[in-house]
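Let me begin by presenting the structure, written as structure tokens, before commenting on it.
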Amino acid sequence: MKKRIVVATLALALLLPAGPALAQTGFYLGAFGGGQYLEDSSLRSTQGDRRLVVEFDWGGHAGLALGYRTGNYFSKHDNITGRLELEVAARQNNVDMVEQGEGFRSAGGEMKVTSLMGNTWIDIRTDSIFVPFFGGGLGVARLVFDNPSFRDDSDTRFAYQIGGGVGLPLGERLSFDLGYRYFATLDATFTDVEGVRNEMDYATHNITFGLRLNF
């Protein structure tokens, strides 16, 4: 489904009439933040069939980015330009409930994640003032499951994200972004106080508000 959406968006971009060219090349600084939903995480023992499902409260995320506008790429149309970006971000969610078997119980703790990502974004100039964009990135994330039941509560894993949104120029150098990002990592491994290693999945849905300052 995600691949179909990306292909359809790119196909639509190629059919759009060329408008005024975006700023061709140059560096920019970005800052972003917003709300974040962390999907229920399965906690699986690597030494047996024990299984827990951890539910989280809504959380937040924030980050900074240093990017470079590459000008036209992936297309000969002046209305399609690209950006390359290095991003550092942090995410946090409190634990709400734990499901074990057929019952639920309240639980404490939190999940904290910091990430370093290399992104690429495609901007599409339309006949309106809005500039749709889409793209994604790859990188690494440090996950910390802050819970008294675990003695080794951190792991570093491969991370990836995909998303899109719309930009609104606020002048020649400043623009506002509103977007969505799906951010996830490979399963992390945490060791509990009994010495049992547990694998845990991590996947989030992020609503993002951001500003970009072009140089």
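Just so you know, all these numbers are worked out from the coordinates, no wet-lab data involved. Treat the numbers as computed from the prediction; the structure is a model and nothing was measured. Don't worry about glycine lacking a Cβ; one is built from the backbone with ideal geometry, like all the others, and counts go over all protein chains shown.
Here are the numbers for this structure:
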read-out	value
Reduced Cα scattering model of the range 99-215, Debye log10 I(q)/I(0), q = 0.14, 0.19 Å⁻¹	-0.72, -1.02
Contour minus Cα-Cα distance for PHE176 and VAL88 (0.36 nm per residue)	29.8 nm
Residues MET97, MET117, sorted so that the one with the fewest Cβ neighbours within 10 Å comes first	MET97, MET117
Listed residues GLY136, ASN72, THR114: farthest to the positive end of the dipole of the range 72-215 (Cβ charges)	ASN72
